[in-house]
Structures are given as C-alpha cells and as structure tokens.
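This report refers to the structure that appears directly beneath it.
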C-alpha cells in the first residue's frame, strides 16, 4: 500500500541516512540516485522494509569528523522510494520523493556499514501539507536571473519544460538541480518556507552569475 503520511505519528522513528555532498532533496521533489556501494545497497534493502523511507543529508565540511564518519548538517530530508530497479551489474537505480525535513535528534549505532539517526520532524510539520503553499515570487525576474546564471555556467536548458512548471515546482526543481555549492544547497533546504526559498534562490542565481576575478565584465 502506498505510504502517504498526513501526520507526524505515521513517520518512522528511526531512519537510515545517505550522506551525500551537493545532493538536495526537498519535500515534494524527486531525486534520482545510482546506488552501487555495498553499504548503500544494504541501506536501500533495509529501507524497503521500513516504509520505503530513508533520509538524505549533507556532510558538514566545517565540523570535525566523528567515530561514524564525517560530521553532518543538522537538517536533512526524509524521502520515500518511489521507484527502483536493479541492473545486471548489481547497482540499484532509484528515485526518492521528498516527504518532510528533519532535525537530527540523535545518531544511532551503524548497521551494515550505513549510518542511522533518530529524526525530529516536529519543526517541519507543515512540509506534510499537500499541495504546498506556492511561493510569492516575481516569476519573470526569476527566469531572467536563471538565463543569466545558465549563460555564466555554460548550461543548456529545456526552456519549454522550465516555463511549463508552476511556481512551487519551479523553485523546488531549480533548487535541486542547479549546481550550487553544498553550503548554498543547505541554505535552500533550511529556508523557512517556499517564499523564503524562492528569495534565497534568486539571490544565489544573481551572485553566481557575476563574473569572477579577471573575467571580462563588458557586455557581449
């Protein structure tokens, strides 16, 4: 039976986590992953028996490592395995759908090489609201910033597909797929609401579009 939680009590009290720098999953977003390390294959197998859920979280490069591995940021996102397939060479191609963010309340003993935590979902209960409240944004201005950012990064985009997205999915998709650095990704994850995330996204697009030292700032 599909797992569609509507309240915090329906969520798993202990979860496996996949620490991956630069990987951002937001509530309602979809994150594809190629799983090949034995410990993360074990994580996926275990998660299939735990409501198909595990957490995505980023390592924190500014904090010292601990006995279980790199330090972690304190906020991650619980995802549900919405599709998965095994390949002939033993990998798993999976897709996670974001459910709700969490604070790491406690790290638990490792199991089969992967890390586990006790999550605190309470600060992010509003993430379970579906559909999520759309962000308040200047869509035309955001798309103009995106065009400048893609030019600066040399990224080709499917503008027809981008322009078809509604405001909420547009912000979530751009936050997840744009190649921001891990600190910027974490700021987008921890934004208070969709409007705050849209504002942070716009600021990052603007800053990351600026020429670096020694680059030509003259218009082309």
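All of the numbers you see were taken from the coordinates with simple rules; none came from a lab. This structure is a prediction, so every number in the text was calculated from the model and none was measured. All Cβ positions, glycine included, derive from the backbone under ideal geometry; neighbour counts span all protein chains shown.
Write down Rg/Rh for the chain, rounded to two decimals, with Rg from the C-alpha atoms and Rh from the Kirkwood relation over Cα pairs.
0.99
How far apart, in nanometres, would the label points at residue 144 and residue 166 be if each is projected 7 angstrom from Cα along the Cα-to-Cβ direction?
Calculated label separation equals 2.6 nm.
Arrange 173, 87 by Cβ neighbour counts within 10 Å, fewest through most, would you?
If I rank by nearby Cβ atoms, fewest first, I get 87, 173.
Taking the beta-carbon count within 10 Å as an exposure proxy, list 75, 177 from fewest neighbours to most.
Ranking 75, 177 by Cβ neighbours within 10 Å, fewest first, gives 177, 75.
At q = 0.11, 0.28 Å⁻¹, what base-10 log of I(q)/I(0) does the Debye formula yield for the range 89-163 when every alpha carbon is treated as an equal point scatterer in vacuo?
-0.62, -1.24
Given the C-alpha atoms of the range 139-208, compute the convex hull and give its volume per residue in Å³.
77
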